[in-house]
Amino acid sequence: MAAHGLEEFEYEHAGLRIRLKKASANAAPRAGAPPQVLPAQPQATEMAVQSVPASAATSAPASVSEELHTIKSPIVGTFYSAASPGAPPFVKVGDSIQVGQVVCIIEAMKLMNEIEADVSGELVRVLIENGQPVEYGQGLFAIRAAKRK
């Protein structure tokens, strides 16, 4: 945190929340000021891990025993739920989706990559917020797969 001039850092993913905060009341460096190099000694930090109950993390009802399919990001980039700002999202919770249907865009190196559904079914949950960075293999959508006939 000291190397990057951070006073506080917070990360939340899949119901786990981590917050790091410097115990000292040092002010953040001013914009344009050279970074401050501090000695390499451990600094006291406040750390809190908060687990969100599964019921609070789910935006749509899903049976506990139910297996949901996760559409995962095939690349690292930025997640976009719509084709452009102000446009309606490609899909929303409750929608019926088909294999090959575009469900989002991931921007990587200024290229817009359309991500398609790899299973048909009902969209139960969007696992990431619009405009957020995504990693390779990170879950994007939870799908209740359609029953095969």
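The values are calculated or read from the model by the stated rules, or taken from the named source; none is laboratory data. Here the structure is a predicted model, which is why all the values come from computation and not from measurement. Note that we place each Cβ from the backbone using ideal geometry, even for glycine, and neighbour counts take in every protein chain shown. Surface areas here come from the heavy atoms of the whole protein model, side chains and all, with no ligands, DNA or RNA. Shrake-Rupley method; radii C 1.70, N 1.55, O 1.52, S 1.80 Å.
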Quiz prompt | Residue in the range 89-96 that is within 22 Å of Leu68 (Cβ to Cβ), in a strand (DSSP E or B), open to solvent by less than 50 Å² (accessible area, probe 1.4 Å) and touching a residue at least 12 places away in the same chain (Cβ under 8 Å) present | solution = no
Practice problem: Please give the strands (runs of 3 or more DSSP E) falling wholly within the range 98-149 in which 1 or more residues are open to solvent by 90 Å² or more (accessible area, probe 1.4 Å) and either of a type in the set (Lys, Arg) or closer than 16 Å to Thr70 by Cα (or both). | Solution: 111-116
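When the residues of the range 69-88 are filtered to those that are under 17 Å from Gly139 (Cα atoms) and in a strand (DSSP E or B), which remaining residue is most open to solvent (accessible area, probe 1.4 Å)?
Lys72
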